[in-house]
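Since every read-out is calculated from the coordinates, none of them should be taken as a lab result. What you see is a predicted model; the values in this text were computed from it and never measured. For neighbour counting, all protein chains shown are included, and Cβ atoms are generated from backbone atoms with ideal geometry for every residue, glycine included.
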Amino acid sequence: MGDLRRLDPAAAGGLLRPAVAPARVQLDRNEGGTGPIRVLFVCTGNSARSQMAEAVLGRLGGTAFDAYSAGTAPKGVHPLTVRALAEIGIDWTAARSKSVQEYLGRSFDYVITVCDAAREACPVFPGTHASRHWSFDDPAAAEGPEEERLAVFRRVLGEVSAMVEPFVGGARQGVSGGATASDPGT
């Protein structure tokens with residue numbers, strides 16, 4: 001079984017940091033405010049970045065989180081996403097690419113966009129939630145021989161992991177860590 005820590009968080013180059021100081025948010029959790037923290041990761045194709053984030057949060061967050069991912073224009077899970085996740089011990093072979101339309105009408109504690117295009121096209125989700133944006137390169141756009149493209153998938157997976165790990169601790173404590181609390185209904 002692989003280890004997320006073998007991915008080099010320095011691969012993010014210190015560039016991926018929340019833009020706003022951490023703030024406490026009151027989340028619209030399951031009716032009594034209990035239960036898993038619900039997180040939706042959104043990107044354009046739901047083929048790589050959001051899939052990676054869902055998988056890593058599922059691994060690191062355990063039962064304290066319900067992780068989901070979706071795309072504004074789903075394309076199918078990229079085979080190199082599956083391969084990069086397998087290298088760290090996450091079996092993602094049964095994953096499928098999903099549309100954000102599947103999640104409309106559901107409430108989330110966090111909605112995190114992981115690409116700039118999805119940030120602009122992301123629909124409104126109901127309830128009070130913390131919104132976040134993490135910008136990652138699209139590994140599916142990498143060109144060249146397979147090994148070079150796989151290296152890009154590995155790098156982006158390292159960057160995603162470097163963002164998810166501190167997010168887990170902050171979300172458990174109710175710290176949004178750079179998120180902005182959305183008004184109800186937005």
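Taking 0.36 nm per residue of sequence separation and removing the Cα-Cα distance, the ALA117/ARG96 pair yields an extension gain of 5.5 nm. Every Cα-Cα pair of segment 46-86 was included, and the share exceeding 13 Å stands at 50 percent. Couplings for segment 129-137, taken from phi via the Karplus curve 6.51 cos²θ - 1.76 cosθ + 1.60 with θ = phi - 60°, read 8, 8, 9, 9, 9, 10, 9, 10, 4 Hz in order; Gly and Pro are left as x. Cα-based radius of gyration for segment 53-109, normalised by 2.2 N^0.38 Å, reads 1.19. Neighbour counting of Cβ atoms within 10 Å sorts the residues TRP134, TRP92, fewest neighbours leading, into TRP92, TRP134.
Panel order for THR34, THR113, by other beta carbons found within 10 Å of each beta carbon, from fewest to most: THR34, THR113. In this structure the amide hydrogen of SER99, modeled in the peptide plane, comes within under 5 Å of the amide hydrogens of GLY71, none closer than 5 places in sequence on its chain. Under the combined filter of DSSP loop state and at most 11 neighbouring Cβ atoms within 10 Å, segment 60-109 retains these trypsin sites (Lys or Arg not before Pro): ARG96. Counting neighbouring beta carbons within 10 Å and listing from fewest to most, the residues HIS129, HIS78 come out as HIS78, HIS129.
Taken one residue at a time, the phi angles of segment 105-116 give Karplus couplings (6.51, -1.76, 1.60, θ = phi - 60°) of x, 9, 9, 10, 7, 9, 10, 10, 8, 10, 8, 5 Hz. Gly and Pro are set to x.
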